[in-house]
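Asker: Below is one structure. I have some questions about it.
The values are calculated or read from the model by the stated rules, or taken from the named source; none is laboratory data. All figures in this text were calculated on a predicted structure; none of them were measured in a lab. Every residue, glycine as well, gets a Cβ built from its backbone with ideal geometry; the counts of neighbours run over all protein chains shown.
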Amino acid sequence: MPFTIAIIGRPNVGKSTLFNRLVGQKLALVDDEPGVTRDRREGQARLGDLDFTVIDTAGLDEGPRGSLTARMQEQTEAAIAAADVLMFVFDARAGLTPTDRSFADFARRANKPVVLVANKSEGRHGDAGALESYALGLGDPIGVSAEHGEGMSDLYDALRAVM
Ligand code: GDP
Ligand code: MG
């Protein structure tokens, strides 16, 4: 059984950017099952000496007033069920939104190890958001920049501790 990590979080926090960085050129497949898994992407990732399957939960729009839609909820729950470890990603520049808190509730209730990822943290612009995220109760935030490839060794350390 390959070790599986699900990348979860609200739209636009950088989940797919992180997925692509972890998977690199080895993007494995696009899941074409109908229904809740339709937008789910899986790939084989490598970080240092860690090999794992990574699931990206895909581009669903937020509902009215930034709410979590039923489809987002179903897709996230399916990814959580399939995963050994969750990466909860938020936008450290934007700070936490009500939708982030809804996703964090799912992550907490899953009773699986969670790595809290403070994305868009390049240039220390994420410091305030990272501090705010301690209140989620998901552990210490790992500041990364998926776009610029920063913080990957801290992410490695955090994953190493739970894999
Ligand atoms: P997703 O909806 O969570 O999958 O988010 P995407 O990966 O599609 O990224 C949403 C937007 O955030 C895009 O415009 C990305 O270029 C941008 N983005 C992703 N990662 C970073 C980052 O580390 N820093 C900054 N500044 N922008 C990022
Ligand atoms: Mg995406």
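Asker: Which of the residues spanning segment 105-124 are over 20 Å from S145 (Cα atoms) and of a type in the set (A, V, I, L, M, F, W, C)? So that I can check it myself, show each step before the final result.
Answerer: Pass one, segment 105-124, residues over 20 Å from S145 (Cα atoms): 105-113.
Answer for segment 105-124, where residues must be over 20 Å from S145 (Cα atoms) and of a type in the set (A, V, I, L, M, F, W, C): F106, A107, A110.
Asker: Quick check on segment 48-60: of everything there that is among the aliphatic types (A, V, I, L, M) and within 16 Å of ligand 1 (Cβ to nearest atom), which residue is modelled with the lowest pLDDT?
Answerer: Going residue by residue through segment 48-60, those that are among the aliphatic types (A, V, I, L, M) are 50, 54-55, 58, 60.
Among the residues that remain, those that are also within 16 Å of ligand 1 (Cβ to nearest atom) are: 54-55, 58, 60.
On the way: V54: 94, I55: 92, A58: 70, L60: 59.
Here the answer is L60.
Asker: Another question, then. Using the structure shown, decide if L155 is surrounded by 15 or more Cβ atoms within 10 Å (Cβ to Cβ) and either assigned to a loop (DSSP other than H, G, I, E, B) or in contact with a Leu (Cβ under 6 Å, 6 or more places away or on another chain) (or both).
Answerer: Numbers: surrounded by 15 or more Cβ atoms within 10 Å (Cβ to Cβ): yes; either assigned to a loop (DSSP other than H, G, I, E, B) or in contact with a Leu (Cβ under 6 Å, 6 or more places away or on another chain) (or both): no.
So L155 does not fit the description; no.
Asker: Quick one: in segment 130-152, which of the residues that are surrounded by 15 or more Cβ atoms within 10 Å (Cβ to Cβ) and among the small types (G, A, S) is nearest to L96 (Cα to Cα)?
Answerer: Just the residues of segment 130-152 that are surrounded by 15 or more Cβ atoms within 10 Å (Cβ to Cβ), to begin with: 130, 132-133, 136, 138-139, 141-146, 150-152.
Add one more test, that the residue is among the small types (G, A, S), and what stays is 130, 133, 139, 143, 145-146, 151.
Numbers: A130: 9, S133: 7, G139: 15, G143: 14, S145: 17, A146: 18, G151: 20 Å.
This residue is S133.
Asker: In segment 116-129, what count of residues is obtained for those that are surrounded by 22 or more Cβ atoms within 10 Å (Cβ to Cβ) and either modelled with pLDDT of 95 or more or more than 18 Å from S153 (Cβ to Cβ) (or both)? Talk me through it step by step, then tell me what you get.
Answerer: Looking only at segment 116-129, we keep the residues that are surrounded by 22 or more Cβ atoms within 10 Å (Cβ to Cβ), and these are 116-121, 126, 129.
Checking the rest, the ones that are also either modelled with pLDDT of 95 or more or more than 18 Å from S153 (Cβ to Cβ) (or both) come to 116-121, 129.
The qualifying residues number 7.
Asker: Whether any residue in segment 68-87 is away from ligand 2 (no atom under 14 Å from the Cβ), closer than 17 Å to S133 by Cβ and modelled with pLDDT of 90 or more is what I want to check.
Answerer: yes
Asker: Is there any pair with a first residue in segment 96-123 that is among the charged types (D, E, K, R) and a second that is surrounded by fewer than 23 Cβ atoms within 10 Å (Cβ to Cβ) whose Cβ atoms are under 6 Å apart and which are 6 or more apart or on different chains, and what are they?
Answerer: K120/D91; K120/R93; E122/S145; E122/H148; E122/E150
Asker: Considering each of A94, A104 in turn, give the residue that is modelled with pLDDT under 95 and among the aliphatic types (A, V, I, L, M).
Answerer: Every option except A104 fails the conditions.
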